[in-house]
1. Between ASP48 and LYS28, what length in nm is gained on full extension when 0.36 nm per residue of separation is reduced by their alpha carbon distance?
2. Just want the ordering: ARG66, ARG37, from fewest to most Cβ atoms lying within 10 Å of their own Cβ.
3. Could you rank the peptides 42-49, 29-36, 58-65 by their average count of other C-beta atoms within 10 Å per residue, with the highest value first?
Amino acid sequence: MNEIKDKFENWVSVNLPENCSNICISFKKEIAEMQIREFGAKPLYGIDGQTEEWLPIEVFITYGGRIAPDQRLLET
């Protein structure tokens, strides 16, 4: 089992909702909670306690809502 686990320790996969305009990946729960509270984002991963045992840090993903203009990345 460890051999399989070792092959997949570099990524987390989540399904994005249809027509998802943006996502925010945070490493602090407070940031994700602020995105939800102040910008109307919706929780996608981590907020409700989802974790990956092998991750060295917590990861929180939110989507939608308003993003501050200086936080937008140009689409490629």
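Any read-out appearing in this document is the output of simple, stated calculations on the displayed coordinates, not a laboratory observation. The structure displayed is predicted, hence computed values, not measured ones. Every residue, glycine among them, receives a Cβ derived from its backbone with ideal geometry; neighbour counts consider all protein chains shown.
1. Working: separation 20, 0.36 × 20 = 7.20 nm, distance 1.35 nm.
Length gained, ASP48 through LYS28: 5.8 nm.
2. Values: ARG66 13, ARG37 10.
Ordered by Cβ neighbours within 10 Å, fewest first: ARG37, ARG66.
3. Details: 42-49: 15.4, 29-36: 16.9, 58-65: 18.9.
Sorting 42-49, 29-36, 58-65 by mean packing, highest first, produces 58-65, 29-36, 42-49.
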